[in-house]
Amino acid sequence: MSSFGAIHAAGRRGAWSHLGLAERTRAQWRRAVEALERSMAIARERRTALEGDGLRLARLGESYLGLGDMERARALVLAS
């Protein structure tokens, strides 16, 4: 991957992560889950910002809790 590609992927990952955080703040749980999962997929696919996985998993778990899916929320928080 070129350095431009890495920077572009990191920017996309960060943008989706911030969107997920904003949607969580607004209690838009489904949209938060979608954005955070997309952020995680980009990070793993491009191997960028993997040190942030714990925080992303915790935020994703909180979002599933907001949806009422306690089992999925607990699993994600424990994985973080």
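Suppose we keep only residues that are of a type in the set (Gly, Ala, Ser) and closer than 13 Å to Ser80 by Cβ within the stretch 52-70. Which one would you say is surrounded by the most Cβ atoms within 10 Å (Cβ to Cβ)?
Selected residue: Ser63.
Report every pair of residues separated by at least 6 positions or lying on different chains whose Cβ atoms are under 7 Å apart, first residue within the stretch 54-76 and closer than 13 Å to Ala27 by Cα, second open to solvent by 30 Å² or more (accessible area, probe 1.4 Å) and acidic (Asp, Glu).
Close Cβ pairs satisfying both conditions: Leu60/Glu37.
Hey, can you tell me all the residues within the stretch 54-80 that are more than 10 Å from the chain's Cα centre (by Cα), modelled with pLDDT of 90 or more and not small (Gly, Ala, Ser)?
Answer for the stretch 54-80, where residues must be more than 10 Å from the chain's Cα centre (by Cα), modelled with pLDDT of 90 or more and not small (Gly, Ala, Ser): Glu62, Tyr64, Leu65, Leu67, Asp69, Met70, Glu71, Arg72, Arg74.
The values are calculated or read from the model by the stated rules, or taken from the named source; none is laboratory data. Small disclaimer: the values here were computed from a predicted structure and weren't measured. In this analysis, Cβ positions are derived from the backbone assuming ideal geometry, glycine residues included, and neighbour counts consider all displayed protein chains. Ligands, DNA and RNA are excluded from the accessible area calculation, which covers all protein heavy atoms including side chains. Shrake-Rupley method; radii C 1.70, N 1.55, O 1.52, S 1.80 Å.
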